[in-house]
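The values are calculated or read from the model by the stated rules, or taken from the named source; none is laboratory data. From a predicted model like this one, the values you see are computed outputs, not experimental measurements. Positions of Cβ are generated from backbone atoms using ideal geometry, with glycine treated the same way; all protein chains shown enter the neighbour counts. Just so you know, the surface numbers come from the protein's heavy atoms only, side chains and all, with ligands and any DNA or RNA stripped out. Shrake-Rupley method; radii C 1.70, N 1.55, O 1.52, S 1.80 Å.
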Amino acid sequence: MESATDKYYMQIALNLAQRAQGRTSPNPMVGALVVKNNKIIGQGYHTKAGTPHAEIHALNEAGKDARAATLYVTLEPCCHQGRTEPCTKAILNSGVERVVVAMVDPNPLVRGKGIKCIKEGGLKVTVGVQEKEAQRLNEAFIKYITTKMPFVILKAAMSLDGKIATRTGESKWITGPEARNYSHQLRNWYDAILVGVNTILRDNPALTTHLPEGETKNPVRIVVDSQARTPLEAQVVTSAKETPTLIAVTNAAPVDKINRLEKMGVEVLSVNTNNNGRVDLKALMLELGRREITSVLIEGGGEVHGSALKAGIVDKIGWFIAPLIIGGQEAPGPVGGEGVASIKEAFPLKQITVKKCGQDIYVEGYLNGRRASDVIC
């Protein structure tokens, strides 16, 4: 049974962890507190891979006062030698008498072993406080560490009648500034952004992050382009030496075009084809996982969205609905491709949330119940 006190302090630790959102990949976000006599005497969070873990920051800040205190940590402490020393060693040496853990680490190198280690060291351990919140925070890490594939969110913005552009192709701007700002926040949080070549040909986007304030990060830009049709003058190509750009092609791509793209700083990746002769998106995700890309934001057009859903690579949906009616049979919708033949084949969403985002409505949900907790059950 979670006590109100444990929940209170664990929520503070979760808030600390979230400060590093988008910065810790391929590691998880972790926050930690040292509490003694109902007072926080040490706190910290993991800032990026290769730097000290949250527990170390918190224990260092508490110093000798950590003796007989309680350590709150949002993820099971590590017990193996990685880029940093095991956190369990520091915890046992600190003198804390109790450790409260939000969730078990799904990493096979750690899972359960860290908790066992500190229990065997004589410390009291409580596990599962604010567990669902902790799993949601690290849903990308959980998917990646258990499947070696990135967590994928498909984001779209459409009018009330389901259009992403007019019949002439005009799409700026269907949603309002608040929705567009949140879209850039997603870019700031996710490791990579993926679009199809048609988006490049139609809109020539930069696919970079623009936020009104705070530190920003550009995601790795990925273009699915079976035949290497991306123009050399496209923004993603001309800026490839400043912002990493990967173009996924098949063996149908001309070698001379590949060479020219690579000379401009683009990384061209040849991927197996699917049954339609296009880039196999599941194979692409496996390759991205090998590169320690843990999360992907799909922000393309209807064809890529349809292909991604059909390939089964999408974990989460983020859907903006604007209070506009565009109309027109030729105006495109957010999901193309062949589509399903019956309602029974449709893609159901679970764990749905709906909120206002300025003038627009934002709907978020998980495909087939694929939440973080489902991955590790």
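For the range 194-231, enumerate the residues that are touching a residue at least 40 places away in the same chain (Cβ under 8 Å), open to solvent by less than 40 Å² (accessible area, probe 1.4 Å) and more than 23 Å from Thr273 (Cβ to Cβ).
Leu207, Pro219
Cβ-Cβ distance below 6 Å, separation of 6 or more or different chains: which pairs start in the range 172-185 with a residue that is in a loop (DSSP other than H, G, I, E, B) and end on one that is surrounded by 19 or more Cβ atoms within 10 Å (Cβ to Cβ)?
Going by the 6 Å Cβ cut-off, the qualifying pairs are Ile174/Ala157; Ile174/Ser159; Ile174/Ala322; Thr175/Ala157; Thr175/Phe320; Thr175/Ala322; Thr175/Asp360; Gly176/Asp360.
State the number of residues belonging to the range 219-253 that are assigned to a loop (DSSP other than H, G, I, E, B) and of a type in the set (Val, Ile, Thr).
3
Can you tell me which residues in the range 103-127 are in a loop (DSSP other than H, G, I, E, B) and either open to solvent by 20 Å² or more (accessible area, probe 1.4 Å) or touching a strand residue (DSSP E or B) at 6+ places or on another chain (Cβ under 7 Å) (or both)?
Matches in the range 103-127: Val104, Asn107, Pro108, Leu109, Arg111, Gly112, Gly121, Gly122, Leu123.
Where residues in the range 91-102 are buried (at least 20 other Cβ atoms within 10 Å of the Cβ) and farther than 13 Å from Thr126 by Cα, which of them is modelled with the lowest pLDDT?
Ser94
Can you tell me which residues in the range 345-357 are open to solvent by 60 Å² or more (accessible area, probe 1.4 Å) and either touching a helix residue (DSSP H, G or I) at 6+ places or on another chain (Cβ under 7 Å) or modelled with pLDDT under 90 (or both)?
Listed by number, the residues that qualify are Glu345, Phe347.
Sort out which residues of the range 232-265 are touching a helix residue (DSSP H, G or I) at 6+ places or on another chain (Cβ under 7 Å) and more than 19 Å from Gly289 (Cα to Cα), and write them in order of number.
Listed by number, the residues that qualify are Leu232, Ala234, Val236, Val237, Leu261, Met264.
Exactly one condition in (1) out of contact with any Gly (no Cβ under 7 Å at 6 or more places or on another chain); (2) modelled with pLDDT under 95; (3) farther than 23 Å from Ala140 by Cα is not met by Val255; state its number.
(2)
Kindly provide the set of residues from the range 232-252 that are among the small types (Gly, Ala, Ser), surrounded by 15 or more Cβ atoms within 10 Å (Cβ to Cβ) and farther than 15 Å from Arg187 by Cβ, ordered by number.
If the condition is that a residue be among the small types (Gly, Ala, Ser), surrounded by 15 or more Cβ atoms within 10 Å (Cβ to Cβ) and farther than 15 Å from Arg187 by Cβ, then Ala234, Ala240, Ala248 are the ones that fit.
Ile56 fails exactly one of the following numbered conditions: (1) part of a strand (DSSP E or B); (2) among the β-branched types (Val, Ile, Thr); (3) closer than 27 Å to Lys217 by Cα. What is the number of that condition?
(1)
Give me the residue from the range 1-33 that is open to solvent by less than 50 Å² (accessible area, probe 1.4 Å) and assigned to a helix (DSSP H, G or I) and, out of that set, farthest from Leu297 (Cα to Cα).
It comes out as Asp6.
Do we find a residue being outside any loop (DSSP other than H, G, I, E, B), open to solvent by 40 Å² or more (accessible area, probe 1.4 Å) and either more than 18 Å from Ile115 (Cβ to Cβ) or in contact (Cβ under 8 Å) with a residue 24 or more places away in the chain (or both) anywhere in the range 63-83?
Yes: the range 63-83 contains one or more residues that are outside any loop (DSSP other than H, G, I, E, B), open to solvent by 40 Å² or more (accessible area, probe 1.4 Å) and either more than 18 Å from Ile115 (Cβ to Cβ) or in contact (Cβ under 8 Å) with a residue 24 or more places away in the chain (or both).
Of the residues that make up the range 294-313, is at least one assigned to a loop (DSSP other than H, G, I, E, B), without any contact (Cβ under 8 Å) to a residue 12 or more places away in the chain and under 24 Å from Ala156 (Cβ atoms)?
No.
If you take the residues of the range 317-351 that are touching an Asp or Glu at 6+ places or on another chain (Cβ under 7 Å) and not in a loop (DSSP other than H, G, I, E, B), which of them is nearest to Lys282 (Cα to Cα)?
Ile317
Name the residues in the range 123-152 that are in contact with a Leu (Cβ under 8 Å, 6 or more places away or on another chain) and either under 21 Å from Val96 (Cβ atoms) or small (Gly, Ala, Ser) (or both), would you?
Leu123, Gln130, Ala134
Which of the numbered conditions does Glu287 fail, given that it passes all the others? Conditions: (1) touching a Leu at 6+ places or on another chain (Cβ under 7 Å); (2) not in a helix (DSSP H, G or I).
The single condition Glu287 does not satisfy is (2).
So the check is Cβ under 7 Å with 6+ separation or different chains; which pairs have a first residue in the range 125-150 that's closer than 19 Å to Leu71 by Cα and a second one that's open to solvent by less than 60 Å² (accessible area, probe 1.4 Å) and acidic (Asp, Glu)?
Thr126/Asp6; Val129/Asp6
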